[in-house]
């Protein structure tokens, strides 16, 4: 009986990790597609960034942010409890000094929230 439970947990955890890896691969692939493109193309598609920082040498950092709030009701009908979870994402694109090309990107926060932010941008798949 213990063996069957252990096997179930191993399969379940493997499925979760596989789903996370899928999000990560798709996110990296989508973000890498912006490298070499003009920053105006990004702004035209995604809208205005949350912040723009101009570095000393003229490079710009365009930062986009998203936050998602999930609520669920758990428990029995007499004592339900509301469970709330927040997932955040911050994606930054770095331009070259001439501000004509995106050189690189970085992201932080929930990979799933970042992937959802990419998918919700107009023109994204």
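Annotations for the structure displayed:
- Within this structure, residue 107 fails the test of being exposed (fewer than 11 other Cβ atoms within 10 Å of the Cβ) and in a strand (DSSP E or B).
- Annotation note: of 53, 105, the sole residue that is closer than 16 Å to residue 35 by Cβ and touching a strand residue (DSSP E or B) at 6+ places or on another chain (Cβ under 9 Å) is 105.
Yes/no matrix, rows are residues, columns are (1) surrounded by 15 or more Cβ atoms within 10 Å (Cβ to Cβ); (2) out of contact with any strand residue (DSSP E or B) (no Cβ under 7 Å at 6 or more places or on another chain); (3) at pLDDT below 95:
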| residue | (1), (2), (3) |
| --- | --- |
| 47 | no, yes, yes |
| 71 | no, no, yes |
| 77 | no, yes, yes |
| 95 | yes, no, no |
| 119 | no, yes, yes |
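- Residue check: residue 113 meets all listed conditions (1) touching a helix residue (DSSP H, G or I) at 6+ places or on another chain (Cβ under 9 Å); (2) surrounded by 13 or more Cβ atoms within 10 Å (Cβ to Cβ); (3) modelled with pLDDT under 90 but one, namely (1).
- Members of the stretch 35-60 found to be assigned to a strand (DSSP E or B) and in contact (Cβ under 8 Å) with a residue 12 or more places away in the chain, listed by number: 51, 60
The values are calculated or read from the model by the stated rules, or taken from the named source; none is laboratory data. From a predicted model like this one, the values you see are computed outputs, not experimental measurements. So basically every Cβ, Gly included, is an ideal-geometry build from the backbone, and we count neighbours across all protein chains shown.
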